[in-house]
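Everything below concerns the one structure shown next.
The values are calculated or read from the model by the stated rules, or taken from the named source; none is laboratory data. It should be emphasised that the depicted structure is a prediction, and the values quoted were computed from it without experimental measurement. All Cβ positions, glycine included, derive from the backbone under ideal geometry; neighbour counts span all protein chains shown. These area figures cover heavy atoms from the full protein model, side chains too; ligands, DNA and RNA do not enter into them. Shrake-Rupley method; radii C 1.70, N 1.55, O 1.52, S 1.80 Å.
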Amino acid sequence: MSHKQITRVLPTIQTTEGDGLVIRRAFPTKSMDHLDPFLLLDHFGPRTVPPGDTHGVPPHPHRGFQTVTYMLSGEFEHRDSEGNHGLLSPGDLQWMIAGDGVVHSEMPSEKFQKQGGTLHGFQLWVNLPATDKRMPPKYQDIPSAKVPEVSPSPNYNVRVLAGEFSGLKGVVETRVPVLYLHVKLSSGSLEVPVPTSWNTMAYVFQGTLGQGKDELHEGSLAIYGEEGNSVKLEAGDSGCEVLLIAGEPLKEPVVRYGPFVMNTEEEIYTAISDFRAGKLGRGSVGVG
Ligand code: CO
């Protein structure tokens, strides 16, 4: 196997989402708008939340892509205009194909708001091909126990959130071929096959990845070049935890405006007027 080489390293920027939830954003930033087919990567926490803190993301719309939430710690409650209601607990994955339109809220659960604790997780946006942008929405809630996991040596552990690794297949429907892995490496290295021409990135969220001059610290996003058919992840001295994210590019125009990502400006105007007319999402988001 030939290894893909890191061509760029981007830092995360601190920003806020929703009603003041502090997050670190890997992209979109001034340095990179998107990495086809990925549109956004946010890292929230790890942050100690005092009891009584209610910061979250109140009801907001999406159209034209997929939102993916992966929780490591804490508890979020999801409600949407399709009538779905779910709890996201540590290790759980939520893969929502927003398609034609969903209005949803993501707030700390009542229990978490009362008790406080550590909030930690990620949100990734995955684009949809033009033919799927107006498909009926689909909500996929994957409890931690259903996320395939492989730990053949104490050196590493891999959770397959989407795509395939070492014969294990993620259970979500993704509409575009993608690979989304949560890799824990305590020492040594791990080789992950990734098709040539797929866009590939590794986000370091704990410890250090790589050695010597190639060492990458927590909060860095490494972008790999197309050439090569694998990624070699090498643990830094203190080990690391990394999200490895790769996907087949759609190679279609990306026109984005906040929570809407379409192919043309006209489709964005339609999304905004549909939202204003209450036509985006079938019902209202329940509260309480
Ligand atoms: Co959302």
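Computed values, structure above
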| quantity | calculated |
| --- | --- |
| Any hit, the stretch 41-49, residues being modelled with pLDDT of 95 or more, within 24 Å of Glu218 (Cβ to Cβ) and either out of contact with any Lys or Arg (no Cβ under 7 Å at 6 or more places or on another chain) or within 14 Å of the ligand (Cβ to nearest atom) (or both) | yes |
| Test for Thr54: is it open to solvent by 10 Å² or more (accessible area, probe 1.4 Å) and either within 16 Å of the ligand (Cβ to nearest atom) or at pLDDT below 95 (or both) | yes |
| Cβ pairs under 6 Å, 6+ apart, first in the stretch 96-112 and more than 11 Å from the ligand (Cβ to nearest atom), second open to solvent by less than 10 Å² (accessible area, probe 1.4 Å) | Ile97/Gln66; Gly101/Arg63; Gly101/Leu280; Met107/Gly56; Pro108/Gly56 |
| Qualifying residue in the stretch 203-212 (condition: surrounded by fewer than 15 Cβ atoms within 10 Å (Cβ to Cβ), over 22 Å from the mean Cα position of the chain (by Cα) and not in a strand (DSSP E or B)) | yes |
| Any hit, the stretch 5-12, residues being open to solvent by 30 Å² or more (accessible area, probe 1.4 Å), within 22 Å of Gln66 (Cα to Cα), of a type in the set (Ser, Thr, Tyr) and more than 15 Å from the chain's Cα centre (by Cα) | no |
| Residues located in the stretch 92-146, provided they are open to solvent by less than 50 Å² (accessible area, probe 1.4 Å) and over 30 Å from Met262 (Cα atoms) | Ser109, Phe112, Gln113, Gly116, Gly117, Leu119, Ser144 |
| Test result for Glu106, within 15 Å of the chain's Cα centre (by Cα) and modelled with pLDDT under 95 | yes |
| Check on Asn155, in contact (Cβ under 8 Å) with a residue 12 or more places away in the chain, of a type outside the set (A, V, I, L, M, F, W, C) and open to solvent by 40 Å² or more (accessible area, probe 1.4 Å) | yes |
| Boolean, Gly278 is at positive phi and open to solvent by 20 Å² or more (accessible area, probe 1.4 Å) | yes |
| Residues (within 17 Å of Gly219 (Cα to Cα), open to solvent by 60 Å² or more (accessible area, probe 1.4 Å) and in contact with a strand residue (DSSP E or B) (Cβ under 8 Å, 6 or more places away or on another chain)) located in the stretch 25-40 | Ser31 |
| Meets criteria (within 12 Å of the ligand (Cβ to nearest atom), open to solvent by 30 Å² or more (accessible area, probe 1.4 Å) and either modelled with pLDDT of 95 or more or over 24 Å from Tyr180 (Cα atoms) (or both)) for Gly18 | yes |
| Count - residues of the stretch 169-202 that are without any contact (Cβ under 8 Å) to a residue 40 or more places away in the chain and open to solvent by 50 Å² or more (accessible area, probe 1.4 Å) | 3 |
| Elements of type strands (runs of 3 or more DSSP E) contained in the stretch 14-79, each with 1 or more residues being among the acidic types (Asp, Glu) | 38-49 |
| Elements of type strands (runs of 3 or more DSSP E) in the stretch 230-282, at least 3 residues being in contact with a Ser or Thr (Cβ under 9 Å, 6 or more places away or on another chain) and touching a residue at least 24 places away in the same chain (Cβ under 8 Å) | 230-247 |
